[in-house]
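**Q** Right, I'll just put the structure down here and ask away after.
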Amino acid sequence: MQFELRYQPAHTLAIVHLSPGEAIRAEASSMISMTSGLAVSTDGPLARGRGGLLRGMGRAMLGGESFFTNTFTAVGGAGHVTLAPALCGDLLVHDVRPGEDLLIQGSSYVAAPDTVTLDTQWQGMKGFFSGESLFFLRATGDGPVLLNAFGAIQTIDLDGELIVDTGHLVAFTSGIQYRVTTASPGLIASWLSGEGFVLSVTGKGRLYLQTRNPSEYGVAVGSSLPPREA
Amino acid sequence: MQYAVEHGPVFAWLRVLLAPGDVLQAEAGSMVTRTPGVQMDTRLNAGRRAGFFRFIVAFFVALARKLFGGETMFVNEFSAPGGGEVVVAPSLSGHIIGKQLGGGRRLFVQRGSYLASTGDVDTRVRFTGLRTLLGGEGLVLLECSGDGEVFVNSYGGITEVPVDGTFVVDTGHVVAFDGTLDFQVGSVGGLKSLLFSGEGLVCKFRGRGTLYVQSRNLGALVDWISPLLSG
């Protein structure tokens, strides 16, 4: 399986080249085109390897992952499928290794082969109230994961501590611990500062950030839109 | 203070290295990361040497705008007694440029284009009409003065226009302009063109100085999306 990324960083497209017998599982509606030799199966949360109904629902509702996924399998010969997210921005491929999981901000996940398993990581009540989708998907196993970002991607090899705005986080490896905290010591100051909740990340590992914040973009555009009619 | 604009011109962000004593003032909500030694203080953007009355007026305007969903008038000040680094980014896709002030030069920045400025720059909000107070169309400007650097962000690319004489720009495309330029907000022609030309309000500049224009317009994006929204 090979990933080819084009049109970076503004409107990145991923071309996933599959050898005969290989398969990739992708988020619903991320497929743009595919060669005709690929078999497509749509799986709900009950499918084998997706961890059963409750876990699947948990991922969909909490993790930002789609409820249904499509699996593209090269049955006859080799083939390829092209994938892209809804918003403008870059894509990246991270190789998950045994013993080093990847924690993914829910809406950043695009695709992975069956050798990689996804599960929801509960963030505690603070994550729940932060207003951002602070539910991480934990990717374990051995294989590549395709992620999307809103904006360009900054890779940081962390060794120490960094304070990160939750809306700019894409993913990080499991050697990094995180703590949800207010941006300022006080709640009112945090609200006025516009930063709300931030993550304090510590440890050693890799961290991927996106240069734009989807919810800030939503506020910038959405606050000017006419109110929805009931 | 050292800085770098990275990931431009489409998704630029600003990385600033803070030496002890340096202060970076940045738009509320713009922080991406900061190192643990960096302190953040939230302040009302009433101008550094604002009197009591102006402070009170700015306070109520700020509160109203925060509650009604407009842009906030709060800014965050980042400082690092032991040195540190802070990264800030705007909300929309586009670029960032830094402009050095000093020697009495002032820069007017469209409210939504202000990203950050260094500690010795004073930023004051200037309203160009009552309607802008309530978040309507028009031009809300920040008057930047003092010695230091101002960082402005654009929606789209930034064109630097050396004006000598007169120049007309759609208000939605104005990023910033030198204080040496006089300006007037009006329609491009008469009432007919205001209603039917599709150009809305324009800013007419006169004098000699530099003008920064962005290649996209948030108001135009909103106008394009609005009719597509279903209830």
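**Q** I'd like to compare A:91-101, A:69-79: which one has the highest average count of other Cβ atoms within 10 Å, and what's the full order after that?
**A** A:69-79, A:91-101
**Q** Moving to a separate point now. Going 7 Å from the Cα of residue A:78 in the Cα-to-Cβ direction, what parts of region A:8-32 have a backbone nitrogen less than 17 Å from that spot?
**A** A:15-24
**Q** Convert each backbone phi in region A:11-26 into a coupling constant with the Karplus relation 6.51 cos²θ - 1.76 cosθ + 1.60 (shift: θ = phi - 60°), then list the ³J(HN,Hα) values in order as whole Hz, x for Gly and Pro.
**A** Listing the rounded values in order: 9, 5, 10, 10, 9, 9, 8, 10, 7, x, x, 7, 9, 10, 9, 10 Hz.
**Q** Find, among the GluC sites (Glu not before Pro) in region A:180-230, those assigned to loop by DSSP (not H, G, I, E, B) with at most 16 other beta-carbon atoms within 10 angstrom.
**A** A:229
**Q** Apply 1/(1 + (r/R0)^6) to the Cβ-Cβ distance of residue B:56 and residue B:201, taking R0 = 30 Å, and write down the FRET efficiency to the nearest 0.05.
**A** 0.50
Taken together, the values in this text are just the output of simple stated rules run on the coordinates, not laboratory data. Computed from a predicted structure; not experimentally measured. No Cβ is skipped: glycine too gets one built from the backbone with ideal geometry, and neighbour counts run over all protein chains shown.
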